[in-house]
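What follows is a short report on a single structure.
Nothing in this text is a laboratory measurement; each read-out follows from the coordinates by a stated rule. None of these values were measured; they are calculated from a predicted model. Quick reminder, even Gly has a Cβ in these numbers, built from the backbone with ideal geometry, and neighbours come from all protein chains shown.
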Amino acid sequence: MNEQLKYLIQLQALENKKKALLKEKEEVPKKKASKEKEFNEFEAQYIMKKAELDNLRKLHRELEQQVSQLEQKLRRSREKEREVKTNKEYRALLREQEDLKHEIVEREDRILECMEKIETLSKEVRQLEKDVDKKRSELKSELERLDREFSEIDGKVELLEEMQIRVKEKLEPQYKKRCEFLMVRQGGVAVAPVEKGICKVCHVSLPPQQFIELQKDKSIMNCPHCHRFIYWPGHSEYVEAADEIVQKITVNAG
Ligand SMILES: [Zn+2]
């Protein structure tokens, strides 16, 4: 195993982990917004049902007021019976009383209907109220968990960067310089595995002779096409070294 190549691979592994964490961090506000939206939609259902219930209660009160006004009118009409002088007037009074009685019955039917609806809806609203409270506290802890995740990522990224500095210190200046240059110029990927003779980053085949040389692991080589440092994962010690260094961060920060 070439120690310098190992450090380059480790540096890349740390960079990949950092990128993955930063992507995760980017997702956190989106996750929070979607949780909030979900809750708001549920709460809107409750608010609508509650408004419906309030309207029914108002209607119920109005109908009862109307009934008591109609009953008052009916009493007055009955009191007038003593004052009437003609049959015609008397019949008119009776007709008026019939009409009033009909109106009262009609309102009382509606009151009953209203009361049934209020009973059913009250149960629904009470249940929804409980569900909303439960969901609200679930949302609160979920948001807190996401906030914690968000700040933990910062801590992990810091550790990764410290580790990168330490690995870079072990690199010979020419490799360090080249690696930094590639990181900037090649989208944060300076090291590429080559499998079955193909660079796994730019997907171009190496000349067969070069792939054979790479497998011999004698010197540090670059992809002839994308110029990244290359290694052969068949040398498992490189893969293990990369896993090991990333593991260290996860364990430390976890
Ligand atoms: Zn390449």
- Rank M115, V157, T250 by how far each Cα sits towards the positive end of the charge dipole of the chain (+1 on Lys, Arg Cβ; -1 on Asp, Glu Cβ) and give me just the farthest. V157
- The relative contact order of the range 161-254, taking Cα pairs under 8 Å that sit 6 or more residues apart, comes to a percentage of 21 percent
- K140: which aspartates and glutamates have alpha carbons under 16 Å from its alpha carbon, excluding same-chain residues fewer than 8 sequence positions away? E36, E38, E41, E43, D131, E149
- Message: List the residue ranges in the chain for DSSP H helices whose C-alpha atoms run 24 angstrom or more along the long axis and whose Kyte-Doolittle average is 0.5 or above.
- Response: none
- Lysine pairs in the range 50-107 with Cα atoms under 18 Å, if 8 or more residues apart or on separate chains: 4
- Query: Among all the aspartates and glutamates, which ones have a C-alpha under 15 Å from K248's C-alpha, if same-chain residues fewer than 8 places away are not counted?
  - Reply: E15, E158, E161, E162, E240
- Exceeding the 24 Å Cα-Cα cut-off - candidates K23/K177; K37/K117; K135/K156; K31/K135: K23/K177; K37/K117; K135/K156
- Please state the charge dipole magnitude for the chain, taken about the Cα centre, from unit charges on C-beta atoms (+1 on K and R, -1 on D and E), reported in debye and rounded to the nearest 20. 460 debye
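Using a 10 Å cut-off around each Cβ, can you sort M48, M183, M163 from fewest to most neighbouring Cβ atoms?
The fewest-first ordering by Cβ neighbours comes to M48, M183, M163.
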- Task: Could you point to the residue in I47, Q69, V28 farthest towards the positive end of the range 1-118's charge dipole, with +1 and -1 charges on the Cβ of Lys/Arg and Asp/Glu respectively?
- Result: V28
